[in-house]
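Just below is one structure, and these are the notes that go with it.
The values are calculated or read from the model by the stated rules, or taken from the named source; none is laboratory data. A quick note: this is a predicted structure, and the numbers were derived from the prediction, not measured. Please note: Cβ atoms are built from the backbone with ideal geometry, for glycine as well, and neighbour counts cover all protein chains shown. What goes into the accessible areas is simple: the full protein's heavy atoms, side chains included, and nothing from ligands, DNA or RNA. Shrake-Rupley method; radii C 1.70, N 1.55, O 1.52, S 1.80 Å.
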Amino acid sequence: MSRPVPNPGILDIAPYTPGKSPVAEPGRKVFKLSANETPFGPSPKAIEAFKNVAAHLEDYPEGTSRVLREAIGRSFGLDPNRIICGAGSDEILNLLAHTYLSQGDEAISTTHGFLVYPIATMAVGAKNVVAQETNLTCNVDAILNAVTPKTKLVWLANPNNPTGTYVPFDEVKRLRAGLPSHVLLVLDAAYSDYVSRNDYEMGIELVATTENTVVTHTFSKIHGLAALRVGWMFGPEHIIDAVNRIRGPFNVSTPAMYAAVAAIEDTAHQAMSKQFTETWRNWLSEEIGKLGLKVTPGVANFVLIHFPENGKTADEADAYLTKRGLVLRALKNYRLPHSLRMTIGTEEANRLVVEGLRDFMAGK
Ligand SMILES: *Cc1c(COP(=O)(O)O)cnc(C)c1O
């Protein structure tokens, strides 16, 4: 008997595995450090805004997320008409793939790029082309060399997840200048709020001055609203217009919209979180380094810890820490089988991870 058959490419997609949810030995407190969630939660003002709309759940949301686009516009100095909001940036990335890719096209991402990119690419029957990184960092020349007549789109998380590394803005501009003008460059700035480097920019200026670049962003990371699913994109007018035609008419819920407005306006909460993250990122890199492990500190809210290929492996460390209630992210499906990604947690969690790794390395 025949049965429905998925479109070409769908069954080639490896399902996305989210950060493990915690199971530890009885009596151990559990710290989930596997999904880059903030240890602070959202701004209390965002929680209040969320609660305030609970009395009107029977009403459809305002379909263009106007209040949120205006708040984002004020915060970044952008024209709200050139912003689209989505149910997480995941939705926006998928909308971009649906709008600009089809069967036979190619989209480029990097060796350890975010896994949503190949999924979004392959979901529309296009081919995911991998450009090699150098030292766990995007290599602009490798991307340019991977371009073929079939290339339609380039995905670049800056800073990247799971490596935490970033590309200076000069290099991003060189990438844009080297790509054919019909190729869409997607700059995913999910972690930009954590970066304090003079040579880094989200890429707003490129979006404003070209017709082929977009920046996406999220409320899931520094704003602590991952559960509500809110993301956004800033783009040229013609791209906003095209994507708006396939966007679900009520894709952002009212509670999500209002919580996000309050979150983006609470700059003190963001500054506190950024400062804390930087302090503990430095501390973790140094302390874990002292244990004889290599660390890629990156510029985001996580660190990448590298283990030897034999002896004390990443798998063993993962199992050891999990038993202690310390849940990190294994990265086999990111082509990093010898590394674990640790989201920077509370002071208690951070200290426990270093203690756990010290005991693990000592064979205790
Ligand atoms: C976490 C993350 C996002 C955010 O995804 P949402 O769907 O907005 O929660 C986007 N890009 C990268 C690289 C991420 O790590």
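When you look at Val172, is it assigned to a strand (DSSP E or B) and touching a strand residue (DSSP E or B) at 6+ places or on another chain (Cβ under 8 Å), yes or no? Working first, answer last.
Numbers: assigned to a strand (DSSP E or B): no; touching a strand residue (DSSP E or B) at 6+ places or on another chain (Cβ under 8 Å): yes.
In short, no.
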Could we say that Arg341 is within 23 Å of His223 (Cα to Cα), modelled with pLDDT of 95 or more and in a strand (DSSP E or B) here?
yes
Looking only at residues that are farther than 19 Å from Asp359 by Cα and either open to solvent by 30 Å² or more (accessible area, probe 1.4 Å) or of a type in the set (Phe, Trp, Tyr) (or both) in region 282-308, which one is farthest from the chain's Cα centre (by Cα)?
Asn282
If you take the residues of region 124-143 that are among the hydrophobic types (A, V, I, L, M, F, W, C) and surrounded by fewer than 18 Cβ atoms within 10 Å (Cβ to Cβ), which of them is nearest to the ligand (Cβ to nearest atom)?
Val130
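In this structure, is Val353 more than 21 Å from the chain's Cα centre (by Cα), under 29 Å from Thr111 (Cα atoms) and modelled with pLDDT of 95 or more? Steps first, please.
Working: more than 21 Å from the chain's Cα centre (by Cα): yes; under 29 Å from Thr111 (Cα atoms): yes; modelled with pLDDT of 95 or more: yes.
Against the criterion (more than 21 Å from the chain's Cα centre (by Cα), under 29 Å from Thr111 (Cα atoms) and modelled with pLDDT of 95 or more), Val353 qualifies.
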Out of the residues in region 214-266 meeting the condition of being more than 13 Å from the ligand (Cβ to nearest atom) and charged (D, E, K, R), tell me which one is least open to solvent (accessible area, probe 1.4 Å).
Asp266
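Among the residues of region 86-106, are any more than 9 Å from the ligand (Cβ to nearest atom), free of Cβ contacts under 8 Å to residues at least 60 places away in the same chain and touching a Phe, Trp or Tyr at 6+ places or on another chain (Cβ under 8 Å)?
The answer is no; no qualifying residue exists.
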Selection over region 177-195 where residues are out of contact with any strand residue (DSSP E or B) (no Cβ under 7 Å at 6 or more places or on another chain) and surrounded by fewer than 21 Cβ atoms within 10 Å (Cβ to Cβ) yields a count of 7
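Name the one entry in Glu48, Glu25 that is in contact (Cβ under 8 Å) with a residue 24 or more places away in the chain and within 27 Å of the chain's Cα centre (by Cα). Steps first, answer last, please.
Working: Glu25 fails: within 27 Å of the chain's Cα centre (by Cα).
Unique residue meeting the criteria: Glu48.
Taking the stated definitions as given, is Phe31 open to solvent by 20 Å² or more (accessible area, probe 1.4 Å) and touching a helix residue (DSSP H, G or I) at 6+ places or on another chain (Cβ under 6 Å)?
Details: open to solvent by 20 Å² or more (accessible area, probe 1.4 Å): yes; touching a helix residue (DSSP H, G or I) at 6+ places or on another chain (Cβ under 6 Å): yes.
So Phe31 fits the description; yes.
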